[in-house]
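Since the structure comes first, as structure tokens, the remarks are kept for the end.
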Amino acid sequence: MPRGPEPGDYRIVIKLNGSDTGDEGDGSGGGPGGPGGHGDGVRIGRMLIEADNMGPKPVFAGTDDPAPLWVVGEMGGGLSILVNRNTQVTSNGGVISGLLVNPPQAIRWLITPAPQAGLFRIADPGTDNVWTVAPGPLPAQIVLAAPTGAANQAFGFI
């Protein structure tokens, strides 16, 4: 079975608009001049300022967090848990979110190589749907959708 990244600490990024560097700088592609830009791609994570309640906190491409840390934990059977800002990340009605209180049993994600070299696809093994950057301007929510092999479904772990 193809493997995802080893357990450890990472930043998760995505390259959108055909960019290899994330350096468009025009405010639309998440380059250093746009929201959530990073030299290695568009940053994935929760926002620094979130709703002041204990509800689910969505995960975005183009987060305003300058260094969103992700922890990948191995759960056996090729499955992993993902943690961002001290919350396990799950699907909340198809929207990838961190649950602050009473999280159900954590979703175990299947992280496998994407068609794009060096990148990974993150799937819910129960549905086979994969993390996808929702269409539209950044920041854009990460949602579950059917796999297509498109660039908006291929994530880098750096």
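The values are calculated or read from the model by the stated rules, or taken from the named source; none is laboratory data. Note that the structure is a prediction, hence the values are computed from the model and not measured. All Cβ positions, glycine included, derive from the backbone under ideal geometry; neighbour counts span all protein chains shown.
In the stretch 6-34, what count of residues is obtained for those that are crowded, with 17+ Cβ neighbours inside 10 Å, part of a loop (DSSP other than H, G, I, E, B) and at pLDDT 50 or above?
3
Can you pull out the residues in the stretch 94-117 that are over 21 Å from Gly62 (Cβ atoms) and part of a loop (DSSP other than H, G, I, E, B)?
Leu99, Leu100, Val101, Asn102, Pro103, Pro104, Gln105, Ala106, Ile107, Arg108, Pro115, Ala117
Please determine whether any residue of the stretch 127-142 is touching a Leu at 6+ places or on another chain (Cβ under 7 Å), surrounded by fewer than 18 Cβ atoms within 10 Å (Cβ to Cβ) and part of a strand (DSSP E or B).
Scanning the stretch 127-142 turns up no residue that is touching a Leu at 6+ places or on another chain (Cβ under 7 Å), surrounded by fewer than 18 Cβ atoms within 10 Å (Cβ to Cβ) and part of a strand (DSSP E or B).
Right, Asp52: free of Cβ contacts under 8 Å to residues at least 24 places away in the same chain, among the acidic types (Asp, Glu) and surrounded by fewer than 17 Cβ atoms within 10 Å (Cβ to Cβ) or not?
yes
Of a type in the set (A, V, I, L, M) and either in a helix (DSSP H, G or I) or modelled with pLDDT of 90 or more (or both), is that true of Val83?
Against the criterion (of a type in the set (A, V, I, L, M) and either in a helix (DSSP H, G or I) or modelled with pLDDT of 90 or more (or both)), Val83 qualifies.
Okay, residues lined up against (1) surrounded by fewer than 17 Cβ atoms within 10 Å (Cβ to Cβ); (2) free of Cβ contacts under 8 Å to residues at least 24 places away in the same chain:
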position	(1), (2)
Asn86	yes, yes
Leu100	yes, no
Ile107	no, no
Pro113	yes, no
Arg121	no, no
Asp124	no, no
Ala150	yes, yes
Ala154	no, no
Phe157	no, no
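Would you check which residues across the stretch 99-137 are within 13 Å of Val13 (Cα to Cα) and of a type in the set (A, V, I, L, M) and list them?
Matches in the stretch 99-137: Leu119, Ile122, Val133.
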